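*Asks:* What follows is a single structure, and I will ask about it in a moment.
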């Protein structure tokens, strides 16, 4: 039997099901990660299961999102996370240590292992040959409790890279080109596995940029082989002993194949307001820019910032530009400081932010009104930056730094000779901002601030489902649309009653009041409903408000799973034309039955529609129980 890289790792971790396309499989999870925006709820759910200790090889709780402490809530969450990690055996990464994906790549990721994270950009770990998957916090809590992670066996797509990138193009342009070709929904239930001679020309930070932003394709994950380049990176992190070689067998097969000639790529840019709205930079040159933001888990490595530094040396940031830079980790910041690279950025007028997510999730540095911001981030959804009428473009560090000098979108090839940046042979290792667990846990207290509330649960499924349509949306509704991020709302992540007041507020400010008044109801959605982050709040808040089902043309993978986990039925139109027949405030009755022949009756219009359930047998069991927390709790009690 010949296997590709993905199949080798999945088969080694398979505990349930068979590796047949789109069938249910359960895989053992070796490592988990959480971050503070999702981790508080994940650990509250873990506590509710009554498991005395995490059962993974490694679980790490990172603080990198909610670090703007304008009130007590964020710091209370950090103290809770530190105390609960100590009690249950997880590693705690203190605020200021860095962004979870960059840190995990540096210090903990191991080729051939499985990683489940409560952040949609967990596939960053694929840059060193891990099966790394983003999921809702409840799925991560279940993995910490020793449960398998269940998913549809993805179709594995080969992305064959040939040639070498020309000067002033980068790994960001590779993933932007993929997004241009196949869109934000082209990767649903797929793994993108990178092969070809071009792979040998990309170092680990470049590979990680690609796997990180592969999330925007809707992919389950993306992965590179573990090879001599991976080994060199792990050696530089003093972890060579954890390296192993993993490559596809000679005759390995793939579901489909995509070819990219690296030598033909040019600098690319994603225009507002979607990551797949991609064109060549030269097509939009000259647009005035007011802000440039460099960093995030996509482009905040030593190599990224070293390139920016070399370009800015002896230059000054344009007088009309605000340049902000977020190093990905304390290690990156220490190394660019030691090598004199930080000085170039500061001398040029760059503003150095914390080693956190920061502007990427709307936590500070919102652009000016009607401003144009170029960001080396992974998402440019409308309003995500904190400024609703800003235009946000996604670019490589090369394009970003060119704009910071010229003040307008500029093809970086006009900057002259391309500075070739080498990765350090050895990074400075200082793990003092990690708190590792001990085994003396008898007297440890979990500290809970007043903003930390118990996790709400849903009652068992009732049949039929009755209610009115309380919202109808279009295509590509994001989790930012459902539950916004930003400095105002993120601190409420551990308080579901309070955060639910902001549900859908960017689309319909009356949604919360209407849902409360009607006791819930139904949401009608278009295609790719729930794309974006892994935030399960986009499912749990609607559940708290009484939403019984979402009927859509199609769903994004993680959000579909989160809806099931919290007892909301994700149903699909059998005939997409029926979407147009249902209107806001129509009264519906959905006869669920055994989930095989689902009929939706529109009482208002005296019509009926067939619905597909798009559910695996385990999903049905979870829905009937009222969600995964009820299901697992009952299972453990039995």
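The values are calculated or read from the model by the stated rules, or taken from the named source; none is laboratory data. Since this is a predicted model, take the numbers as computed values, not measurements. Cβ atoms come from the backbone with ideal geometry, glycine included; neighbour counts cover every protein chain shown.
Yes/no matrix, rows are residues, columns are (1) in the same structural domain as residue 226 (by TED's automatic domain parsing); (2) modelled with pLDDT of 95 or more; (3) within 20 Å of residue 147 (Cα to Cα); (4) in a loop (DSSP other than H, G, I, E, B):
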| position | (1), (2), (3), (4) |
| --- | --- |
| 21 | yes, no, no, yes |
| 25 | yes, yes, yes, no |
| 37 | yes, no, no, no |
| 46 | yes, no, yes, no |
| 60 | yes, yes, yes, no |
| 68 | yes, no, no, yes |
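*Asks:* Might you let me know whether segment 366-374 holds any residue that is in contact with a strand residue (DSSP E or B) (Cβ under 7 Å, 6 or more places away or on another chain), touching a residue at least 60 places away in the same chain (Cβ under 8 Å) and crowded, with 24+ Cβ neighbours inside 10 Å?
*Replies:* For segment 366-374, residues in contact with a strand residue (DSSP E or B) (Cβ under 7 Å, 6 or more places away or on another chain), touching a residue at least 60 places away in the same chain (Cβ under 8 Å) and crowded, with 24+ Cβ neighbours inside 10 Å: present.
*Asks:* While we're looking at this one, here's another question. Just checking, which of 151, 116 is part of a strand (DSSP E or B), in the same structural domain as residue 228 (by TED's automatic domain parsing), over 24 Å from residue 449 (Cα atoms) and in contact with a helix residue (DSSP H, G or I) (Cβ under 7 Å, 6 or more places away or on another chain)?
*Replies:* 116
*Asks:* Counting only residues that are farther than 23 Å from residue 118 by Cα and more than 19 Å from the chain's Cα centre (by Cα), how many does segment 144-172 have?
*Replies:* Number satisfying all stated conditions: 14.
*Asks:* Restricted to segment 606-638, and to residues that are outside any helix (DSSP H, G or I) and without any contact (Cβ under 8 Å) to a residue 24 or more places away in the chain, which residue is surrounded by the most Cβ atoms within 10 Å (Cβ to Cβ)?
*Replies:* 608
*Asks:* Is it the case that some residue within segment 442-458 is in contact with a helix residue (DSSP H, G or I) (Cβ under 7 Å, 6 or more places away or on another chain), within 23 Å of residue 551 (Cβ to Cβ) and buried (at least 23 other Cβ atoms within 10 Å of the Cβ)?
*Replies:* No: segment 442-458 contains no residue that is in contact with a helix residue (DSSP H, G or I) (Cβ under 7 Å, 6 or more places away or on another chain), within 23 Å of residue 551 (Cβ to Cβ) and buried (at least 23 other Cβ atoms within 10 Å of the Cβ).
*Asks:* Could I ask something else about it? What about residue 247, is it touching a helix residue (DSSP H, G or I) at 6+ places or on another chain (Cβ under 7 Å), surrounded by fewer than 18 Cβ atoms within 10 Å (Cβ to Cβ) and not assigned by TED's automatic domain parsing to the domain that holds residue 404?
*Replies:* Here the answer is yes, as residue 247 does meet what is asked.
*Asks:* Given the conditions (1) part of a loop (DSSP other than H, G, I, E, B); (2) modelled with pLDDT under 95, and given that residue 77 satisfies all but one, which numbered condition is not satisfied?
*Replies:* So residue 77 meets the others, but not (1).
*Asks:* Looking at (1) buried (at least 17 other Cβ atoms within 10 Å of the Cβ); (2) under 27 Å from the mean Cα position of the chain (by Cα), which one does residue 469 not meet, given that it meets all the others?
*Replies:* Among (1) buried (at least 17 other Cβ atoms within 10 Å of the Cβ); (2) under 27 Å from the mean Cα position of the chain (by Cα), residue 469 violates only (2).
*Asks:* In the list 241, 273, which residue meets the criterion of being within 30 Å of residue 528 (Cα to Cα) and surrounded by fewer than 22 Cβ atoms within 10 Å (Cβ to Cβ)?
*Replies:* Criteria check complete, one pass: 273.
*Asks:* Just to be sure I understand, how many residues within segment 181-231 are free of Cβ contacts under 8 Å to residues at least 60 places away in the same chain, in a helix (DSSP H, G or I) and under 19 Å from residue 304 (Cα atoms)?
*Replies:* Counting residues in segment 181-231 that are free of Cβ contacts under 8 Å to residues at least 60 places away in the same chain, in a helix (DSSP H, G or I) and under 19 Å from residue 304 (Cα atoms) gives 3.
*Asks:* Out of 299, 344, report the one residue that is modelled with pLDDT of 95 or more, closer than 19 Å to residue 203 by Cβ and in contact with a helix residue (DSSP H, G or I) (Cβ under 7 Å, 6 or more places away or on another chain).
*Replies:* Result of the check over 299, 344: 299.
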